[in-house]
Amino acid sequence: MASTTRGGGADAAATAFALYQWLLGNGSAEPEAVAAQLDLSAQDAEAGWQELRSLGLVRPSWHPGKIDSVEPDTALIRLLNRQRDTLHAQSAELAAIVQAADTLIEQYRPVVSHEPAEVEVEVLSGTARRREFVRDFDATVTEVVSSMHPGPLPPPELLEHSLDSDRAFIEKNIRVRALYGQSVNSGPRQRKYLTDLAAAGAEVRLIPQVPFDLLVADGHTALTRADPSDPDGPAVVIRGPVLVRSYLAMYEDCWLRAVPHSMKVTPGEDAGRELTEQHRTTLRLLANGLTDERIARKLGVSLRTVSRLVSEVMRYLEAESRFQAGVLAATNDLI
């Protein structure tokens with residue numbers, strides 16, 4: 001038996017079985033002594049003992065430092081008892097959650113419930129209060145979040161946070177619509193942000209003139225600025241479908257007059273030349289999920305050449321990642 005369990009690559013289950021058989025035949029023993037008898041390394045022996053402990057097939061002996069074997073039927077009963085206790089605990093936890101939900105719905109929600117005929121207007125002063133509202137706002141969206149922004153865009157760190165929030169919405173199958181003034185699409189940083197937003201799955205449109213900043217959750221809550229000309233001034237929260245419906249109707253009018261943002265790009269100035277057929281083939285293989293090694297075999301070139309080709313097409317498309325390069329290539333009918 002020692003020959004089947006010796007060595008660092010020994011299978012833990014086979015090692016455990018050998019240890020268990022030894023205990024059955026020899027009675028209580030110190031773990032190190034059993035390992036020595038079976039010529040096991042410390043690592044293999046520990047893996048075997050861990051397997052037996054997880055199955056409940058060993059327990060501490062009455063003799064200090066030693067262990068005893070446990071009958072499989074006894075271990076099975078203990079395992080089932082543990083599972084029963086776990087299910088009971090989960091059932092109690094679920095009952096507590098249901099009770100808490102009932103309390104929230106029946107006792108607390110009516111206090112702040114926004115009925116269809118009700119309208120609430122709240123002024124948010126201060127950056128901290130606006131950020132707190134936006135955090136809570138994100139949790140209320142269930143179907144679609146609609147926004148429009150005349151520009152200019154906020155600092156990069158805020159853009160990245162906004163992009164992360166929109167990606168989180170999209171991952172939850174929430175529709176994201178973003179409407180920007182055409183002037184926002186004028187610079188490289190702005191174009192990159194709009195492209196990243198569209199690549200994430202958001203619906204992005206451009207319109208010559210956006211009247212003011214607006215953020216709408218489904219049809220129940222809207223956030224806008226108290227003074228559209230003062231981007232750092234107080235914000236206004238409108239709750240209640242009766243009034244929010246008016247803001248949403250204005251948004252829909254702007255949305256219908258806007259044009260979809262195109263992720264088509266002009267080749268980067270440092271691209272040096274047009275894409276060759278080899279570049280296009282590389283793009284197609286990348287889009288199909290092939291690794292650099294498989295692309296190299298397909299093209300009959302070295303890995304170094306593939307790396308160069310990928311870098312050149314990403315530079316040509318001004319892409320920040322391979323995923324974005326694939327999106328831009330598809331949009332520009334390059335693959």
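The values are calculated or read from the model by the stated rules, or taken from the named source; none is laboratory data. Note that the structure is a prediction, hence the values are computed from the model and not measured. We place every Cβ from the backbone using ideal geometry, glycine too, and count neighbours over all the protein chains shown. SASA here: full protein model, heavy atoms, side chains in, ligands and nucleic acids out. Shrake-Rupley method; radii C 1.70, N 1.55, O 1.52, S 1.80 Å.
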When every residue in region 308-335 that is hydroxyl-bearing (Ser, Thr, Tyr) and under 28 Å from the mean Cα position of the chain (by Cα) is compared, the one modelled with the lowest pLDDT is Thr331
Counting only residues in region 188-238 that are within 18 Å of Asp136 (Cβ to Cβ) and open to solvent by 50 Å² or more (accessible area, probe 1.4 Å), the one nearest to the chain's Cα centre (by Cα) is identified as His220
Cβ pairs under 7 Å, 6+ apart or interchain, first in region 234-250 and within 13 Å of Asp213 (Cβ to Cβ), second charged (D, E, K, R) and open to solvent by less than 50 Å² (accessible area, probe 1.4 Å), ordered by first then second residue, are Ala235/Arg130
Within region 1-22, of all residues that are modelled with pLDDT under 90 and among the β-branched types (Val, Ile, Thr), the one most open to solvent (accessible area, probe 1.4 Å) is Thr4
Condition set of a type in the set (A, V, I, L, M) and under 15 Å from the mean Cα position of the chain (by Cα), scope region 154-187, selection nearest to Thr127 (Cα to Cα): answer is Leu163
Inside region 23-37, the number of residues satisfying the requirement of being out of contact with any Lys or Arg (no Cβ under 7 Å at 6 or more places or on another chain) and either buried (at least 20 other Cβ atoms within 10 Å of the Cβ) or closer than 17 Å to Gly65 by Cα (or both) is 10
